[in-house]
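K.L.:
Next up is a structure, given as structure tokens.
Since every read-out is calculated from the coordinates, none of them should be taken as a lab result. In this text the structure is predicted, and so the values were computed from the model without any measurement. Here the Cβ positions follow ideal geometry from the backbone for every residue, glycine too, while neighbour counts run over all protein chains shown.
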Amino acid sequence: MIASITAEEIAALVTPERVHRRVYTDPAIFDLEMTRIFGRCWVFLAHESQIARPGDFFRTRLGREEVIVTRDAEGAIHAVVNRCAHRGAEVCSNHTGNTASFVCPYHAWQYRLDGTLINLPHRASLPASFDMKDPRFSLARVPRIASYRGFIFGCMAAETPSLEAFLGPMTETLDNIVDRSPTGAIEQAGGIFRQEYRGNWKLHHENANDIMHAGFVHESSVAAARGDRRDYATPAYDLHQTHTQLLSNGFALKDWLATGLWGTEGGHTYMGGFYKSGVLSPERSDPTWLAYRAKLVASHGEEKTKAIIGLDRFNNLIYPNISVNAQYQQVRVVQPLAPDRTRIVAMCFRLKDAPDEMYQRAVRFLTNLNSPASMIFCDDMEIFERCQRGFASEERDWIDLSRGMGKEKQLAAGTLEADGTSELAMRAQYAAWKRYMVEA
Ligand code: FES
Ligand SMILES: [Fe+2]
């Protein structure tokens with residue numbers, strides 16, 4: 001199926017200012033994306049705190065593969081494919097847990113946490129030539145795994161740049177979420193939201209750094225917030241955060257012009273400059289914040305503390321599968337399931353030794369933005385599905401990405417910068433998409 005699309009055909013689907021609808025709908029393109037993008041990039045799998053103890057595991061996806069990230073008895077981390085080497089059944093159905101081994105539910109082949117086959121019933125009935133040590137009878141392993149500041153990534157390709165080189169400027173984003181902890185340690189805590197929408201995975205990425213949609217798609221919650229006079233201060237540490245978040249989607253054009261967008265060669269994109277005042281700003285004076293800030297200063301000193309809490313980057317999209325919001329300790333993971341089906345996995349983190357209210361705030365933010373009852377993300381998912389249905393139309397083939405084109409500023413190290421009204425982020429993502437996709 002890969003051979004059915006030539007490099008020239010793929011290249012013709014993306015021009016500097018538009019993309020063809022086929023990139024969202026064609027199953028052959030989707031297959032190729034799984035091989036050439038998700039099979040080559042470093043893909044976020046799990047955070048080390050999710051497999052903190054020996055025997056812990058966390059189930060996720062790497063492209064088209066179901067993957068289990070494990071920590072073995074010696075503390076080493078592995079990532080194995082959740083497919084029994086016998087007749088192909090998934091060996092693990094829990095999202096997370098602790099175990100000494102995985103036993104397949106079909107015929108009870110038993111695997112160590114590094115994927116090695118260690119036992120199976122009725123061995124005498126197997127041919128004499130059957131060798132349990134043959135790697136063909138182990139769970140397949142993700143060939144390369146690496147951690148950056150506790151964030152575990154996997155890569156299916158044997159020879160690509162290191163994780164750090166791949167992350168490029170986005171190392172700063174991961175540094176920032178960790179450095180916000182007074183002890184330099186964070187842990188994933190609380191529940192995890194898993195939601196699916198009937199649309200292509202790239203729709204999520206485009207939307208994450210598309211500032212212009214906010215006032216229209218989220219109009220109803222902006223209107224509700226404008227008319228709402230309730231006190232949001234209790235019971236969690238909120239201090240009108242919820243209210244302010246909803247209102248911020250209704251910023252006027254002059255406010256959006258004052259925000260920024262950045263796109264990098266790797267397809268990683270982010271925005272910033274939203275919250276210069278109020279409870280979402282980097283400097284605040286409520287008692288919880290001051291207690292937290294004092295702990296940061298004790299660990300890092302005043303200068304570094306200012307830099308850490310002053311890094312104002314929002315929706316940091318590490319291409320192709322993770323979006324990070326360091327200010328509120330959020331991570332959103334994007335899992336493509338089919339050309340028209342995507343799963344979003346959302347979680348938040350606790351900053352160890354920060355006041356508990358900071359964690360409560362992260363939970364509140366996660367719920368506001370990512371839960372099935374979110375007044376914000378539900379709107380976006382509705383739009384993703386409307387776009388996907390629209391792409392089925394044969395009356396128009398092209399999707400326009402030209403807003404703000406030619407006005408970008410070239411910064412050092414291949415990064416482009418534009419104001420918040422630009423579609424720069426989408427163009428940066430598609431430039432990377434094209435580069436990965438045409439290379440055989
Ligand atoms: S399919 Fe797993 S033991 Fe048979
Ligand atoms: Fe949105």
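K.L.:
For the range 345-354, just list the computed ³J(HN,Hα) in residue order, Karplus coefficients 6.51, -1.76 and 1.60, θ = phi - 60°, integers in Hz, with x standing in for Gly and Pro.
P.N.:
10, 10, 8, 10, 10, 9, 7, 5, 6, 7
K.L.:
Mind checking which lysines have their Cα closer than 22 Å to the Cα of K434? Skip sequence neighbours fewer than 8 apart in that chain.
P.N.:
Excluding near neighbours in sequence, the set is K202, K407, K409.
K.L.:
If R₀ is 41 angstrom, what is the calculated FRET efficiency for the pair E303 and E394, using the beta carbon separation as r and rounding to 0.05?
P.N.:
Taking R0 as 41 Å, the efficiency between E303 and E394 is 0.10.
K.L.:
Putting +1 on Lys and Arg Cβ atoms and -1 on Asp and Glu Cβ atoms, find which of P121, V80, T367 reaches farthest to the positive end of the dipole of the chain.
P.N.:
Ranked along the dipole, the leading option is P121.
K.L.:
Taking the Cα atoms of the range 43-148, what is the range of coordinates along each of the three principal axes, in descending order and whole Å?
P.N.:
45, 27, 22
K.L.:
Further question: Would you kindly calculate the translational diffusion coefficient of the range 185-438, applying Stokes-Einstein with the Kirkwood radius from alpha carbon pairs, for 10 °C and a viscosity of 1.306 mPa s, and quote it in µm² s⁻¹ without decimals?
P.N.:
My calculation gives 82 µm²/s for D.
K.L.:
Take the Cβ-Cβ distance between Q195 and E172 as r, set R0 to 45 Å, and report the resulting FRET efficiency rounded to the nearest 0.05.
P.N.:
Computed FRET efficiency for Q195 and E172 comes out at 0.95.
K.L.:
Can I ask one more? Would you mind giving the three semi-axes, in whole Å and largest first, of the ellipsoid equivalent to the chain according to its Cα gyration tensor?
P.N.:
37, 29, 20
K.L.:
If we count GluC sites (Glu not before Pro) as exposed when they sit in a DSSP loop and have at most 14 other beta carbons within 10 Å, what is the longest stretch of the chain that avoids them all?
P.N.:
Here the longest segment lacking exposed loop sites spans 160-282.
K.L.:
In nm, what is the difference between 0.36 nm times the number of residues separating S220 and E9 and their Cα-Cα distance?
P.N.:
71.8 nm
K.L.:
Same structure, new question: Mind listing which trypsin sites (Lys or Arg not before Pro) in the range 347-409 are in a DSSP loop and have 16 or fewer other Cβ atoms within 10 Å?
P.N.:
Loop-located and lightly packed - K352, R396, R403, K407.
K.L.:
Work out, step by step, the length gained on full extension between K409 and E439: first 0.36 nm times the residue separation, then minus their alpha carbon distance; give nm to one decimal.
P.N.:
Length gained between K409 and E439: 8.0 nm.
K.L.:
Separate question: Determine, for L311, L117, the number of other Cβ atoms within 10 Å of each Cβ, and report the residues in order from fewest to most.
P.N.:
If I rank by nearby Cβ atoms, fewest first, I get L311, L117.
K.L.:
As I understand it, the value is the acute angle between the Cα axis of helix 377-391 and the longest principal axis of the Cα atoms of the chain; what does it come to in degrees, rounded to 10?
P.N.:
The two axes meet at around 70 degrees.
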